[in-house]
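K.L.:
A single structure is presented below for examination.
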Amino acid sequence: VRNFGWMIVMAIDGPLNRSLLALGIIDAPFRVLFTQGLVIMALVHVFVPFMVLPINNALRNINPSLAEASASLGASRTATFFRIILPLSFPGIQPGVILVFVLSVAAYVTPALLGGQMVSYMPTLIIRELTGTFAWPFGSTLAIVMSVSTLAVVIAFALLTSRLMERVRA
């Protein structure tokens, strides 16, 4: 439903172009539909809750007296954020990043609808090979490569951030 909403709003004769034309901001309608920028914007729109919810949970677990103690010891709000709030929110940031990364790598519907034939992402390419040209060996190879590379990135990120997680738990 969100994707169809984006398609209606961003169409050449859609509300966005009509409003910009009426306000005199643009002289001619511009094409946003079937561009990489729209696909990225829509994916961000869909996946923001998957990032916000784990971070919100982590922020709720931070004791407010820590920020108060930091302020009473003379730390600025910026220093309090970077030295206390951000490190203690990392138990929500790490799973949020992993979840959003895995979901966005596997996203098929949004790039297919909003990108059309103009924008090609790995899932759309895999489906095109499997169903369009019936190149099963090539499509299967692409799917395995995508799965293994996604797993490798997730493992590398988890290993690289494990020291931060240990410091937060301590």
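Bear in mind these aren't lab numbers, they're just calculated from the coordinates by the rules spelled out. Just so it is clear, the model here is predicted, and its values are computed rather than measured. With ideal geometry, Cβ positions are generated from the backbone for all residues, glycine too; neighbour counts draw on all protein chains shown.
K.L.:
Quick one: compute a quarter of the convex hull surface over the Cα atoms of region 1-145 and quote it in nm².
P.N.:
Result: 13.1 nm².
K.L.:
Sketch the reach of a paramagnetic label on Ile85 as a point 7 Å from Cα along Cα-to-Cβ, and name the residues of region 35-61 whose backbone nitrogen lies under 12 Å away.
P.N.:
It comes to 59-60, nothing else.
K.L.:
For the chain, what is the mean residue ellipticity at 222 nm derived from helices alone (per DSSP H run of n ≥ 4: -39500 (n - 2.57); sum divided by total residues; nearest 500 deg cm²/dmol)?
P.N.:
-21500 deg cm²/dmol
K.L.:
Still on this structure: Among the trypsin sites (Lys or Arg not before Pro) within region 1-56, which fall in a DSSP loop and have no more than 12 other Cβ atoms within 10 Å of their own Cβ?
P.N.:
Numbers: sites: Arg2, Arg18, Arg31; in loops: Arg31.
Of the trypsin sites (Lys or Arg not before Pro), the ones in loops of region 1-56 whose Cβ has at most 12 other Cβ atoms within 10 Å are Arg31.
K.L.:
For region 126-170, state the average projected area of the convex hull of the C-alpha atoms over all orientations, rounded to one decimal in nm².
P.N.:
Answer in nm², one decimal: 3.5.
K.L.:
If you don't mind, there's one more thing I want to ask. Using Cα pairs closer than 8 Å and at least 6 residues apart in sequence, work out the relative contact order for region 9-130, in percent.
P.N.:
Relative contact order of region 9-130: 30 percent.
K.L.:
In whole Hz and in residue order, list the ³J(HN,Hα) couplings for region 26-34 that follow from phi through the Karplus curve 6.51 cos²θ - 1.76 cosθ + 1.60, θ = phi - 60°; x for Gly and Pro.
P.N.:
For region 26-34, the Karplus-derived couplings read 10, 8, 9, x, 10, 8, 10, 5, 6 Hz, x marking Gly and Pro.
K.L.:
Taking every pair of distinct Cα atoms and averaging 1/r, then inverting, what Kirkwood hydrodynamic radius in Å comes out for region 98-154?
P.N.:
After inverting the mean inverse Cα-Cα distance, the result is 11.7 Å.
K.L.:
With unit charges on the beta carbon (Lys/Arg positive, Asp/Glu negative), name the residue among Thr131, Leu43, Thr80 whose Cα is farthest towards the positive pole of the charge dipole of the chain.
P.N.:
Thr80
K.L.:
Which value in nm describes the separation of the simple spin-label points at Glu68 and Val148, placed 7 Å from the Cα toward the beta carbon?
P.N.:
Spacing of the two 7 Å Cα→Cβ label points: 5.5 nm.
K.L.:
Just to be sure I understand the rule: take each whole DSSP H helix in the chain, project its Cα atoms onto its long axis, keep it if the span is 20 Å or more and its mean Kyte-Doolittle hydropathy is at least 0.0. Which ones pass?
P.N.:
36-60, 86-105, 136-160
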